[in-house]
Each structure stands twice: as structure tokens, then as C-alpha cells.
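What follows is a set of notes on a single structure, which appears directly below.
The values are calculated or read from the model by the stated rules, or taken from the named source; none is laboratory data. Values in this document were obtained by computation on a predicted structure and should not be read as measured data. No Cβ is skipped: glycine too gets one built from the backbone with ideal geometry, and neighbour counts run over all protein chains shown. Areas reflect the complete protein model, heavy atoms only, side chains present, ligands, DNA and RNA absent. Shrake-Rupley method; radii C 1.70, N 1.55, O 1.52, S 1.80 Å.
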Amino acid sequence: MPKKFRTGDQTLVRELNRAILLNLLRVHSPQSRADLAAATGLNKTTVSSLVAELLTTGLAREIGQANSAGGRPAVLLELNPEAGCVIGAELGVGYLKIILADFRAAILWRQEIALVSGEGPETALARLIDLVREVALIAEQAGRRISGLGLGVPGLLDVPSGILLFGQNLGWRDVPIRSRLAEAFPFPIFVDNDAKASAIGEHYFGVAQHVDNFVYVTANIGLGVGIWLDGQVYRGATGFAGEVGHTTFMPDGPLCSCGNRGCWETFASQRALIERLRAAVAAGRTTALPASNSVLGDVTMPMIVEAARAGDALVLETLEEVGGYLGLVIANLINTFNPNMVVFGGALSLADEYLLPPIRRVVEERAIRWAREATPIVVAAHRFDSCVIGGVALVLHDMLSHPGLDMPVGRRSFDRDFSRKVVMPVTDPTPEMLTSRRNT
Ligand SMILES: [Zn+2]
């Protein structure tokens with residue numbers, strides 16, 4: 001079927017320019033109207049008219065005056081973080097996490113609940129819907145409008161339809177996640193793969209702001225990678241790029257949740273770490289972890305970090321091994337993508353003080369020097385929260401890309417999805433990004 005194109009007209013140019021101004025205010029605040037005109041090349045009259053629209057909708061606000069050496073002091077503007085609020089959520093393996101945040105991703109409320117392993121998608125989604133109802137009520141009572149919900153899930157997600165085709169570690173297939181949520185709530189719903197959502201979150205609100213090329217490595221029960229290339233998340237031909245956790249490391253290695261053997265995530269993930277500890281205990285090693293004999297199923301990352309800090313030899317040794325495997329993954333990613341940065345997040349990043357030294361050592365040994373020297377390995381600003389912060393970013397991205405004034409914030413059509421190419425890039429706007437210098 002031929003692609004439909006949105007053709008340019010005055011309305012589109014105006015919307016585009018409005019989006020650029022709003023994004024400039026998000027990235028660099030505060031700024032005056034003259035600053036915005038200088039940054040975009042738009043004339044001052046146009047900027048004033050667009051800013052007036054943003055002030056009317058409440059998306060931007062005036063926050064005082066700049067110091068002035070002479071003449072009339074300029075009024076400073078910023079993106080109004082309180083113009084609405086956003087729900088970020090993560091459907092993890094064994095847990096549901098949900099936050100209510102403002103437009104700066106400041107967390108106003110949060111809750112995390114455990115999911116019983118083996119609970120089917122219907123039960124898990126019903127619990128998620130209950131949590132969203134709870135947070136929506138809290139927002140309503142506080143008089144805050146909800147602009148949307150962004151959810152990250154592990155596995156192969158078809159973003160345009162919001163269907164989780166295969167959640168390897170959840171054991172789910174063909175679950176229509178977005179439509180279930182959209183039936184229950186009036187605000188826009190965005191669903192994305194957890195690693196991609198996390199990468200978007202770290203770009204918007206974390207360590208990878210202003211970074212055009214980076215890879216985000218999330219090590220939870222599984223191992224996922226979000227690839228950010230040339231200013232946007234890279235999805236590949238059918239949307240499933242980044243399944244590095246399921247590339248084969250050892251052909252005859254352990255059986256993976258995906259059905260393959262020897263996948264990377266059977267060596268470098270929270271599950272791999274716990275399996276190794278379990279095997280060592282079964283073989284007679286001792287650990288201070290509160291594990292009954294050989295059963296380590298209930299051991300959490302905070303417990304592992306606490307044991308490491310107490311000098312538990314088995315835990316330290318196992319962290320060193322898993323860190324080495326993560327280092328190999330990251331060295332390969334550096335050789336493949338030559339990124340400006342590698343961001344390390346997810347549950348394992350809670351043990352960064354023990355994992356980063358072996359990661360860095362292996363990268364030093366294995367990655368191509370000319371690529372490696374340009375690539376800092378940085379812990380995600382939001383660590384285990386990167387995915388829920390990414391959920392907030394999914395909503396913000398859509399809102400900032402289309403700050404239409406014809407409808408209130410948060411009442412946009414449901415079929416907008418993050419995978420669609422939008423006119424407004426989410427990197428820092430530059431004058432070159434203006435598709436038209438015509439002032440409208
Ligand atoms: Zn696998």
C-alpha cells in the first residue's frame with residue numbers, strides 16, 4: 001500500500017515552529033523571546049505570536065525577567081512542568097511499577113507491586129488497570145490533567161498495534177496490551193519495548209541528553225538493548241532491533257527463555273547472576289545471602305548488593321564473572337555501533353560499584369581502541385527507574401511533537417504511536433532543523 005504523506009501547509013509550518021520553540025524551552029530554560037528568535041532564525045513577531053499561543057494553553061509560562069544592562073529587561077520563559085502530568089509504567093518480570101510525574105519527570109507519586117510468577121496476562125493487565133485508576137484518581141483530586149500513559153514491557157512488541165507478540169521472560173504471546181488499556185482510559189496510551197523506552201527516557205531526562213548516538217544496556221531478568229542512532233531510537237525493518245540478549249554467545253550453552261541455547265542473557269543478566277549463585281550454593285559454596293540451602297529464587301538485587309558490601313566472597317566473585325560477560329556484550333556493541341556513550345541501566349545497575357570495574361576492564365581489552373576511547377560507559381541516571389521515566393518520555397515526545405492547539409493537552413487521538421516518523425526530532429533543535437524559514 002502506498003504511504004500516506006502529510007503535505008506541508010501554513011498550519012503544518014506553524015505547528016512545526018511551535019514544537020521547536022517548546023522543545024527549545026524543554027532543553028534550555030529559561031529563555032527570552034529574543035533568545036528563541038536567535039536560536040531558530042524565526043523573526044521576533046512570529047516568535048511572540050507562537051509564544052502567546054503556548055502561554056494561552058499553559059504549555060509555557062513566564063518566570064520573571066532577565067538582568068539587563070540597559071533597556072527593557074526581557075521576560076524569561078520555560079516549559080511549564082505543571083501544565084499536566086504523565087503516567088509512566090513498567091510491566092516487568094515479577095513486578096509492576098507506576099509513577100505519576102510532571103513534564104520534567106519529577107516523580108509526584110509512585111507504587112510498585114509484585115506480580116506472582118505464572119500469573120497470566122489477563123490478571124497482570126487487570127492489576128495494571130487498577131493501579132492506573134488509582135493514580136488517575138490521585139491526579140484528579142490534585143486538579144492535574146493527565147496527558148497520557150507510557151508503558152514499557154519486555155519482549156517483542158509490535159509498536160503500531162501495541163501487541164506484545166512474544167514476551168520471552170513473561171511467557172506471554174500475542175497480548176493486545178495497548179487496546180486493553182485504551183478501552184479503560186480516555187487519555188493516549190503509548191506502549192514500547194522496555195529497553196527502547198528506557199533509552200528514550202535517558203535521552204529526554206537522563207545521562208544521554210544531547211547525545212546523538214548511544215546504546216542503552218538494560219540488565220534485568222533478561223538483557224535488552226536500546227539503540228539510539230543519529231538522534232532517534234533505531235527499530236529496524238520490523239521494529240525488533242536491539243534483541244542483543246537473544247543473540248547467541250555459546251551454541252551449546254544454557255537453554256534460554258526464548259527457546260534458543262546459549263543466548264547472551266543466559267550469561268549477562270540478573271537471572272544469570274542468580275543462577276550462578278544458586279549453582280555455587282548447590283555445589284557446596286556458602287553465602288551470607290538469606291537463602292535456604294540451595295534455593296535462591298527470592299534473592300533481590302538490593303540483597304545481593306548488601307551481601308557484596310558485607311564482603312560475601314561468593315557474591316563478589318559472581319558479580320565479577322557476570323560483569324565480565326556484560327563487558328563482552330558492551331565491547332561488541334561499541335565495535336558494532338561506535339556510539340558516543342554506553343548507558344548501563346536496569347536492576348543490575350544497582351550493583352554498578354561491583355559490575356563497572358570488570359565491565360570497563362573487559363571493554364578495555366576487547367573493544368577496538370579507536371571506538372572505545374570515544375565511549376564512556378555511564379550508569380543510567382534513573383537506574384532501575386529508567387523504564388518508567390521512559391514511559392513519561394514517550395508521552396512527552398508525542399506532545400512536544402504535535403503541540404496542537406485545537407484540543408486540550410491529553411485529548412489527542414489514540415492511534416498516534418511512537419514508531420511513526422514525526423516531523424519534530426527529539427534531539428536539540430537547531431536552526432537547520434527548520435524545514436521552512438518562512439515565518440507564518
Ligand atoms: Zn534467548
If each K or R counts +1 and each D or E counts -1, the residues other than I330 whose Cβ falls under 10 Å of its Cβ total +3
At 7 Å along Cα-to-Cβ for each site, give me the label-to-label distance between E112 and N67 in nm. 4.3 nm
Can you give the % of DSSP beta bridges in segment 209-380 that are antiparallel, to the nearest 5? 60 percent
Calc'd 3J(HN,Hα), segment 273-285, phi into Karplus 6.51 cos²θ - 1.76 cosθ + 1.60 (θ = phi - 60°), Hz, glycine/Pro = x, comes to 4, 5, 4, 5, 4, 4, 5, 5, 5, 4, 8, x, 6
Work the Kirkwood hydrodynamic radius out for segment 144-208: mean of 1/r over every pair of different alpha-carbon atoms, inverted, in Å. 12.5 Å
With all protein chains modelled, accessible area of V13 [1.4 Å, Å²]: 10 Å²
Quote the relative contact order of segment 10-80 in percent (integer), defining contacts as alpha-carbon pairs under 8 Å separated by 6+ residues. 35 percent
Take every Cα-Cα distance within segment 209-380, group them into 5 Å bins from 0 onward, and report for each bin the whole-number percent of pairs it holds. 2, 9, 17, 21, 19, 15, 9, 5, 3, 1, 0
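Go ahead and estimate [θ] at 222 nm for the chain from helices alone: -39,500 (n - 2.57) per DSSP H run with n ≥ 4, summed, over the residue count, rounded to 500. Before the final figure, lay out each step's value.
Working: 12 runs with 163 residues, N = 440.
That comes out to -12000 deg cm²/dmol.
Carbon and sulfur: what percent of the chain's accessible surface (1.4 Å probe)?
Carbon and sulfur: 52 percent of the exposed surface of the chain.
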Of all DSSP beta bridges having both residues in segment 53-195, the percent classed as antiparallel (nearest 5) is 70 percent
Write down the accessible area per residue of the chain in Å², having rolled a 1.4 Å probe over the full set of protein chains. 43 Å²
So what's Rg/Rh here for segment 355-400, counting alpha carbon atoms and using the Kirkwood radius for Rh? 1.19
Can you give the relative contact order of the chain as a percent, counting alpha carbon pairs under 8 Å and 6+ residues apart? 19 percent
Taking a crude spin-label model, label points 7 Å out from Cα along the C-beta direction, the T123 to R360 distance in nm is 4.4 nm
Percent of alpha carbon pairs in the chain separated by more than 29 Å? 49 percent
Multiply the residue gap between L12 and Q141 by 0.36 nm, knock off their C-alpha separation, and tell me the result in nm, one decimal place. 42.8 nm
How many nm is it between the label spots at V27 and L55, if each spot is 7 Å from the Cα in line with the beta carbon? 2.4 nm
Cβ charges +1 (Lys, Arg) and -1 (Asp, Glu), total dipole of segment 10-80, debye: 80 debye
Return the whole-Å distance between the Cα centroid of segment 189-254 and the Cα centroid of segment 331-403. 9 Å
Let me know the Rg and Dmax you get for segment 34-149 when you use only its Cα atoms, in Å. 20.5, 69
Restricting the count to DSSP beta bridges whose residues both fall in the chain, what percent are antiparallel, rounded to a multiple of 5? 65 percent
Alpha carbon convex hull of segment 10-80, projected area averaged over orientations, nm²: 4.7 nm²
